[in-house]
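Everything on this sheet refers to the single structure shown next.
The values are calculated or read from the model by the stated rules, or taken from the named source; none is laboratory data. Computed from a predicted structure; not experimentally measured. Backbone-built Cβ (ideal geometry, glycine too); neighbour counts: all protein chains shown. Keep in mind that these areas ignore ligands, DNA and RNA; they rest on the heavy atoms of the full protein, side chains included. Shrake-Rupley method; radii C 1.70, N 1.55, O 1.52, S 1.80 Å.
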Amino acid sequence: MSKTFNNKKIRVVSMMLCTLICIAVCILVSACNPKKTREQDSSPCYDISAEYDAETATLSASQEILYTAQADSDYAVLHVYANAFSKDNNLINILLLQIDRQTVDCEIYGEDKTLLKVNFSFKENDTYIISCKYTVNVPRSDTRLGVTEDGIVNLTCFYPVLARYDGGWLEDCYSQFGDPFFSDVSSFYVSLTVDENMNVASSGETVSNEIRYVNGKYKRTVEISAEYIRDFGMAAGQFRSLSESVRLGDRDVNVNYCYYSDDNPTASLERAVSSLTVFSQTFGDYSHSSFTVVQSNLATAGGMEYGSFVLVSPNPSIESYLDTITHETAHQWWYDAVGSDQLNSAWLDEGLTEFCTYYYHYLSGNRAAHTAAMSEISRAYSSFSALKPTVGFDGRMNRHLSTYLTEGEYVAVTYYKGALLFDTLRTLVGDEKFQAALSRYYKDNMLKIANEQSLCSAFKTQGYDVDSIISGWTNDTAII
Ligand SMILES: [Zn+2]
């Protein structure tokens, strides 16, 4: 998107002018960039202005979404994931909701109160400004949205985000297993104000970082631009940072590593840089001009991916910590650039990403590490699948997150079995064709939503019909 279409411009347009002028701006911007795809042309833009109060752990925000309706509809659905992070499902408080300056009825619903229905008559291909003001009570917990025990504030899942529309609104609630997100690419222009002593790291690029004296206090305001990503994430806290620029394809990528407890931060930064480099060379160039890794506690995960931004949880095992950095980096290909249904086919991004975590070592010349990891994964999966007759273990891979009995079953089916499937495909077709197929999968599905068929099609371009092999694994009819 044009550099001139930044958050300040959106805010000025939306606050001072009418919807028609916004539409004209979109048309103008589209016309200025003829290389944009249809997915990019119609992708939503989020303009978020937020202030975080560290004393009360409260985020106050105003937000505007430039939204082009994909079909006629009497309502729109947004996810308010913030409510998933407390037992009472009441962390977000919507103070005002308007469409094109008209206040409209809205309702928070769903068993965990993570859905927001906005009643309004939308017309296909018309563009609207959905505005809202809200506060979020950030819980004190080591979660995706939370003030962690170590003082880092994880600010992801805080904003109301449009649900996907695919012939109807997809109204999935949050899930405690896996990553219950299924997003189209969007662009985010975010302003965050925090106490002066807090640093901010985020998706995208920092446009400005200024300290001002406001109401008797020094405050830091960071302006961020993050274009064409699946989900926006940021973190604030008293961390240190290292940066390095690396040339990937035809662009310089600024790689940042933010940490508060790391005996060898240079090694962590270097792992992020080398992972980006190896995956760029193998599958196709990284699609953004920045990548930020932030160390922050997540109680139930080693890390979490967002567009051009990841969280990694401290780990006493240095090898595991570095592999988590590689894993979350691989998600920039399989999740961020190539989207997939993470609720119903989680293996498609997690299985491939887990495979890539160890394929990184293979590609870096340490084939023994890859072999050892795949053997370990195979043993782990076997121990789960052996439970089938007794606890009803279900090895089918295309099923909703809510159908998994335990976190262990979810990990075994999506991560372990998924990684084993990709390693089997690699063994069958050879490294060269395998890499060519995944490069094609990346290129053909960038900024789109891929599925099992997209993967099969990519292998067909290399002369391999792997449909029945993949479906045998995903339907759990193949003997592994
Ligand atoms: Zn993952």
Want the number for N197 to A372: 0.36 nm per residue separation, take away the alpha-carbon distance, what's left? 58.6 nm
From the square roots a ≥ b ≥ c of the eigenvalues of the alpha-carbon gyration tensor of the stretch 340-399, which class results: rounded (a/c under 1.5), prolate (a/b over b/c), or oblate? oblate
Which value, in Å² and to the nearest 10, is the accessible area of K113 when all protein chains are kept and the probe is 1.4 Å? 90
Under the helix-only model (-39500 (n - 2.57) for each DSSP H run of 4 or more, divided by the residues of the chain), the mean residue ellipticity at 222 nm, to 500 deg cm²/dmol, is -9500 deg cm²/dmol
Whole-number Å³ per residue for the convex hull built on Cα positions in the stretch 7-237: 131
Heavy-atom accessible area per residue, the chain, 1.4 Å probe: how many Å²? 41
Quick one: grab the alpha carbon gyration tensor of the stretch 163-243, order the square roots of its eigenvalues as a ≥ b ≥ c, and give me rounded if a/c is under 1.5, else prolate or oblate depending on whether a/b is larger than b/c. prolate
Which net charge results when you count Lys and Arg as +1 and Asp and Glu as -1 among the other residues whose beta-carbon is under 9 Å from that of L59? -2
Straight-line reach from K123: which aspartates and glutamates have Cα under 19 Å away, leaving out those fewer than 8 places along the same chain? E39, D41, E64, D72, D74, D100, D105, D166
Heavy atoms of the protein only, probe of 1.4 Å, neighbouring chains included. What is the accessible area of H370 in Å², nearest 10? 10
How far, in nm, would the chain grow between T403 and L428 when pulled straight, counting 0.36 nm per residue and subtracting the alpha carbon separation? 5.9 nm
For the chain, the accessible surface attributable to carbon and sulfur atoms (probe 1.4 angstrom, ligands and nucleic acids excluded) amounts in percent to 49
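In the chain, what % of DSSP beta bridges are antiparallel (nearest 5)?
Among the beta bridges of the chain, antiparallel pairing accounts for roughly 80 percent.
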Label points 7 Å out from Cα along the Cβ direction at A71 and S241: separation in nm? 4.2
Subset of K113/K133; K388/K448; K388/K417; K87/K117; K133/K219 violating a 24 Å alpha-carbon distance limit: K388/K448
Rounded to whole Å, √(5λ) for the Cα gyration tensor eigenvalues of the stretch 240-330, largest first, gives 21, 13, 11
Quick one: if you take sqrt(5λ) for each eigenvalue of the C-alpha gyration tensor of the chain, what semi-axes come out, biggest first, whole angstrom? 35, 26, 23
Just how much of E319 is accessible, in Å², when a 1.4 Å probe is used and the result is rounded to the nearest 10? 110
